Amino acid sequence: MKSRFTVSLLAALLSIALSPGWSQTAPPALFQVKASPSLPGPLSGRLLIFMKQGQGDKEVDLDHYSPTGFNPESSWIVAKEIHDLQPGQSVEVDANDKAFPHAFSQAPAGQWEAQAILDTDHTYSYGGRSSKDWQSTVVSLAVGAVSTNLTLTEHSPESQDEADLLGVLASVSPEVAQQVNIQSRYLTQYWGKPTAIHAWVILPPNYDASRKQVYSTVYWTSGFTGNMGYDLETGLRLRKRMDEGKMPPMVWVMLDQSIPQDMHEFADSVNNGPWGSALTTEFIRNSRSVTAWMLARAPAF
């Protein structure tokens with residue numbers, strides 16, 4: 001009886017070990033991420049490791065717009081905050097910790113590949129990769145390996161949004177648009193670091209800073225996915241309408257409400273801070289600060 005039980009138990013364990021979901025056939029869940037010795041340092045930010053099934057891809061990322069629609073589980077991701085990683089140094093990432101949609105050790109058997117991204121300014125969750133980020137090449141994951149080595153070697157490619165913004169900036173003159181960055185005492189105190197309200201100020205035609213002209217001022221905010229680039233492009237379209245006489249001359253303040261966590265909507269929030277109070281009591285109510293900022297930096301037109 002005891003012998004039969006032992007044989008049955010061994011058979012059951014062998015069956016589990018050979019099943020597709022058994023961890024021995026899953027990709028490794030331990031990563032060693034190294035900063036290439038050629039990179040400037042130290043490096044800090046949110047280290048992201050993406051994993052997906054397949055091979056031969058040049059990029060492994062979240063699949064926001066797959067042919068079948070939004071598919072959040074098409075790519076697996078693990079994240080770890082790192083500080084002051086020196087060139088040539090490595091950091092270990094356990095992909096069973098803070099991983100989505102599951103711990104990497106739970107991945108089914110198959111061909112998997114991975115890529116590391118260092119999100120240096122914590123903006124990936126809002127706009128994806130930027131040219132400020134560092135990335136590794138895509139590597140295939142060896143089944144049964146203890147760990148996988150990934151090396152940060154290069155900047156992520158410049159996105160189309162970044163390229164478009166650089167093109168727009170090259171054609172903008174200060175008598176048309178000026179960028180304003182005014183530090184907020186409220187937000188700085190909340191976050192424990194210098195935090196500013198950012199905006200583009202679109203000036204009306206024939207604006208002269210030396211004259212005491214009075215203009216109506218419009219404060220404008222974008223919708224979801226808006227950023228400083230989108231704000232500027234929208235403001236320039238408004239300026240064009242003023243140039244063509246299709247809109248009365250006004251000062252447009254194109255407010256940026258994008259943050260890494262999403263959009264703060266200029267609302268006071270326990271998660272994002274007192275953005276509403278900062279806007280109304282520091283930025284708008286004390287509008288002289290914006291005027292002074294512009295006069296201090298604007299050339300004589």
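The values are calculated or read from the model by the stated rules, or taken from the named source; none is laboratory data. Being a predicted model, the structure only gives us computed values, none of them experimental. As a convention, Cβ positions derive from the backbone with ideal geometry for all residues, glycine included, and neighbour counts pool all protein chains shown.
Quick notes on this structure:
- Among residues of the stretch 242-267 that are farther than 20 Å from Ile284 by Cα, those with a Cβ under 6 angstrom from a residue that is not hydroxyl-bearing (Ser, Thr, Tyr), sequence gap 6+ or separate chain, pair up as Met242/Pro204; Met242/Pro205; Met242/Pro249; Asp243/Pro205; Met247/Arg241; Pro260/His122.
- Scanning the stretch 228-263 for residues that are among the polar types (S, T, N, Q) and within 21 Å of the chain's Cα centre (by Cα) yields Gln257, Ser258, Gln261.
- Total residues in the stretch 203-230 satisfying the condition of being farther than 30 Å from Ser130 by Cβ, in contact (Cβ under 8 Å) with a residue 40 or more places away in the chain and either touching a Leu at 6+ places or on another chain (Cβ under 7 Å) or among the hydrophobic types (A, V, I, L, M, F, W, C) (or both): the figure is 1.
- Flag for Ala109 being buried (at least 18 other Cβ atoms within 10 Å of the Cβ) and not β-branched (Val, Ile, Thr): no
For (1) surrounded by 13 or more Cβ atoms within 10 Å (Cβ to Cβ); (2) at pLDDT 85 or above; (3) not in a helix (DSSP H, G or I), each residue gets a yes or a no:
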| position | (1), (2), (3) |
| --- | --- |
| Tyr126 | yes, no, no |
| Lys132 | yes, yes, yes |
| Pro157 | yes, no, yes |
| Asp161 | yes, no, no |
| Leu165 | yes, no, no |
| Val168 | yes, no, no |
| Gln178 | yes, yes, yes |
| Asn181 | no, yes, yes |
